[in-house]
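Report on one structure; see the data block that follows.
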Amino acid sequence: MKIAMLGSGFIADFYAMSIQGPRCLDKVHVVYGRSEDKLKAFCKRWNVPKWTTNLKEAIEDPEVDIVVIGLPNNLHLEPALMAAKAGKGILCTKPLGRNAAEAKQMLDAVEKAGIFHGYLEDLAYTPKTLKSLESIKNGAIGKVLWARSRETHPGPHSDWFWNIEEAGGGAILDLACHCIEVSRNFIGKEIKPIEVMCWADTLVKPIEAEDHAIALVKYENGAIGQFEVSWAFRGGLDLRDEVSGTEGTIWINHFLRTGFEMFSTGGKDGYVSEKSESNKGWLFPVGDEVNELGYNAMFADMFNSMEQKKSPMETFYDGYIVNAVMDACLLSAKTKKWEPVKLEVWRGKEGVESGFINLPEYNEQYFLIKEELTPTGITKIVLKDKKTGQIIQKSV
C-alpha cells in the first residue's frame with residue numbers, strides 16, 4: 001500500500017513506525033501537515049518521499065491507495081468526506097468524530113462511496129486483548145457479564161486536546177473511546193448498548209472539559225461495561241482490563257508492571273515509554289510499544305482486509321457506535337441520570353433478553369447455585385428446589 005498520512009505529530013509517528021515495520025510492504029508516500037519544518041523532519045525520520053501543506057493534494061495524489069487520518073478530532077470530518085469523494089480508502093484514528101452526528105456523516109460518506117474504511121482503535125488489537133477474545137470466543141469464561149476497562153495517565157501531549165471545541169470533550173473523548181470499544185469486543189459487538197450512567201468532573205486541570213470520568217454502560221442482555229478514565233493519574237500510563245463471565249475471569253495489565261523494570265539515576269535524557277513522567281528512579285519501560293499497544297496487529301488487519309476485499313475488525317460503524325455511547329455519557333454527567341444510547345443505525349441483535357443464566361442441574365429435585373470446599377475439607381453446596389424455590393445448604 002502507498003499511504004497518504006494526514007498529520008505529522010505524535011500519533012503519526014506511531015502509525016509510521018508500525019506501517020513501515022512488520023509487513024515491510026507498505027510505505028507512507030506523502031505526508032500532509034501545516035508546519036513545513038515538522039513535515040520535513042517527519043519525512044527524514046521515516047524516509048517519506050513527499051510532503052505537502054495542501055490537504056486536497058495529499059488525498060488526491062494518484063499514487064496513493066489509502067488515506068490515514070492522524071489529525072485533531074475537529075479535522076476528521078472534512079478529509080474523510082474528501083477521501084470518499086476521491087474514491088480513496090480511509091483509516092481514521094480514534095475517536096471517529098467529536099460526536100455521533102459527525103461520525104454518522106463519515107459513516108454515510110464511506111458507505112455511499114463504497115470504499116474501504118477502518119477505525120484505528122489500537123487497544124482492541126493488543127496481543128493480550130486478541131488472546132482474551134479468542135478465549136472468550138471458545139467459551140473459556142462462559143457468558144460475559146461484566147467488562148471493566150481503565151485508562152489513566154497525566155494528560156495528553158498536544159495542545160489541541162485541552163481545547164474542548166477542537167477535541168469535543170476531555171478524558172472521555174480521548175480515553176473512554178478505547179475503553180468502550182474494548183468492552184464491546186468482550187461483551188459482544190452484536191449486543192446493543194442501551195443506556196449509561198456517567199460521573200465526570202474537572203478536578204485538577206484548569207480546562208473546560210472533564211479530566212476524570214467513570215461510567216456504566218448497560219447492554220441489552222444485562223451485561224455491564226465499565227470505564228474509568230483520568231488525565232491526572234500520576235505514574236505513567238495505566239492500561240488495565242477485567243472481564244467477568246459465568247465460567248471464569250480475565251485480568252489484563254497492558255502497560256505498567258509487565259515484567260520489565262529498570263532503575264536509573266537519570267543522568268542522561270532518554271525516552272522510557274508513552275506518558276512516562278520521569279527518566280529516573282524505578283522505571284517500567286515497554287519492550288515493543290507499537291506491538292503491545294496493538295498498532296502492528298491493527299494495521300496488518302486493515303491492509304490484509306483491504307487486499308482481501310473484506311471488512312476489518314474495526315470499521316467506521318464501530319466508531320459511530322462508540323461516539324453514540326460517549327454522547328450519552330456526556331449527557332448523563334450533566335443530568336445525573338441514566339441516559340439512553342441513541343443509535344440511528346443498529347446492525348446487531350434485537351430484543352436480546354437479560355436475566356439469570358440457567359442454573360446447572362444438580363439432580364431431579366435441585367438446581368446447584370454454589371459449591372465450595374472449606375478449609376476443613378468439607379464441601380458445602382447451596383441448592384434451589386425446582387418446585388418450591390426454597391434455598392437450602394448442605395455439607396457433602
**Prompt:** In this structure, is ASP37 surrounded by fewer than 23 Cβ atoms within 10 Å (Cβ to Cβ) and under 17 Å from ALA84 (Cα atoms)?
**Reply:** no
**Prompt:** Do you know which of the residues in the stretch 221-246 that are among the acidic types (Asp, Glu) and under 21 Å from LYS189 (Cβ atoms) is farthest from the chain's Cα centre (by Cα)?
**Reply:** GLU242
**Request:** State yes or no: is ASN99 touching a Leu at 6+ places or on another chain (Cβ under 7 Å), modelled with pLDDT of 95 or more and not hydrophobic (A, V, I, L, M, F, W, C)?
**Result:** no
**Item:** Out of GLY9, GLY89, sole residue that is at pLDDT below 95, within 30 Å of CYS179 (Cβ to Cβ) and crowded, with 17+ Cβ neighbours inside 10 Å
**Value:** GLY9
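Rundown of residues vs (1) at negative phi; (2) in contact (Cβ under 8 Å) with a residue 24 or more places away in the chain, yes/no style:
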{"position": "ASP13", "(1), (2)": "yes, yes"}
{"position": "CYS24", "(1), (2)": "no, no"}
{"position": "LYS38", "(1), (2)": "yes, yes"}
{"position": "THR53", "(1), (2)": "yes, no"}
{"position": "LEU71", "(1), (2)": "yes, yes"}
{"position": "LYS88", "(1), (2)": "yes, yes"}
{"position": "CYS92", "(1), (2)": "yes, yes"}
{"position": "ALA103", "(1), (2)": "yes, yes"}
**Asked** Taking the stretch 101-152 only, how many residues are over 18 Å from ALA223 (Cβ atoms) and either aromatic (Phe, Trp, Tyr) or within 15 Å of the chain's Cα centre (by Cα) (or both)?
**Response** 14
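So that you can scan it fast, the table gives a plain yes or no per residue for (1) charged (D, E, K, R); (2) outside the structural domain of LEU107 (by TED's automatic domain parsing); (3) more than 29 Å from the chain's Cα centre (by Cα):
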| position | (1), (2), (3) |
| --- | --- |
| LYS310 | yes, yes, no |
| ILE321 | no, yes, no |
| ALA328 | no, yes, no |
| SER354 | no, yes, no |
| ILE357 | no, yes, no |
| ILE378 | no, yes, yes |
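Yes/no per residue for (1) surrounded by 21 or more Cβ atoms within 10 Å (Cβ to Cβ); (2) among the aliphatic types (A, V, I, L, M); (3) over 24 Å from CYS329 (Cβ atoms):
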{"position": "ALA84", "(1), (2), (3)": "yes, yes, yes"}
{"position": "ALA101", "(1), (2), (3)": "no, yes, no"}
{"position": "ASP108", "(1), (2), (3)": "no, no, no"}
{"position": "LYS112", "(1), (2), (3)": "no, no, yes"}
{"position": "ASP122", "(1), (2), (3)": "yes, no, no"}
{"position": "GLU134", "(1), (2), (3)": "no, no, yes"}
{"position": "TRP146", "(1), (2), (3)": "no, no, no"}
{"position": "SER149", "(1), (2), (3)": "yes, no, no"}
{"position": "HIS157", "(1), (2), (3)": "no, no, no"}
**Request:** Determine if the stretch 296-308 includes at least one residue that is closer than 21 Å to TYR125 by Cβ, free of Cβ contacts under 8 Å to residues at least 12 places away in the same chain and among the acidic types (Asp, Glu).
**Result:** yes
**Prompt:** Based on what the data block shows, is ALA167 under 16 Å from the mean Cα position of the chain (by Cα) and in contact (Cβ under 8 Å) with a residue 60 or more places away in the chain?
**Reply:** no
**Item:** Looking only at the stretch 214-254, and only at residues there that are part of a loop (DSSP other than H, G, I, E, B) and in contact with a Lys or Arg (Cβ under 7 Å, 6 or more places away or on another chain), the one that is modelled with the lowest pLDDT
**Value:** GLY236
**Message:** Here's a check for you: in the stretch 68-77, which residue that is in a helix (DSSP H, G or I) and either among the small types (Gly, Ala, Ser) or surrounded by 18 or more Cβ atoms within 10 Å (Cβ to Cβ) (or both) is farthest from the chain's Cα centre (by Cα)?
**Reply:** LEU77
**Prompt:** Of (1) farther than 22 Å from PHE299 by Cβ; (2) assigned to a strand (DSSP E or B); (3) aliphatic (A, V, I, L, M), ALA101 satisfies all except one. Which?
**Reply:** (2)
**Prompt:** Which of (1) crowded, with 22+ Cβ neighbours inside 10 Å; (2) of a type outside the set (Lys, Arg); (3) farther than 24 Å from TYR317 by Cα; (4) in contact with a Ser or Thr (Cβ under 7 Å, 6 or more places away or on another chain) is the odd one out, the single condition ILE141 does not satisfy?
**Reply:** (1)
**Prompt:** Quick check: is even one residue across the stretch 46-67 under 25 Å from the mean Cα position of the chain (by Cα) and assigned by TED's automatic domain parsing to the domain that holds PHE116?
**Reply:** yes
**Message:** Here is a check on your reading of the model: is ALA80 within 19 Å of PRO312 (Cβ to Cβ), small (Gly, Ala, Ser) and not in a loop (DSSP other than H, G, I, E, B)?
**Reply:** yes
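The values are calculated or read from the model by the stated rules, or taken from the named source; none is laboratory data. Only a predicted model underlies this, so the values are computations on that prediction, with no experimental measurement involved. Counting neighbours? That spans all protein chains shown, and the Cβs are built from the backbone with ideal geometry, glycine included.
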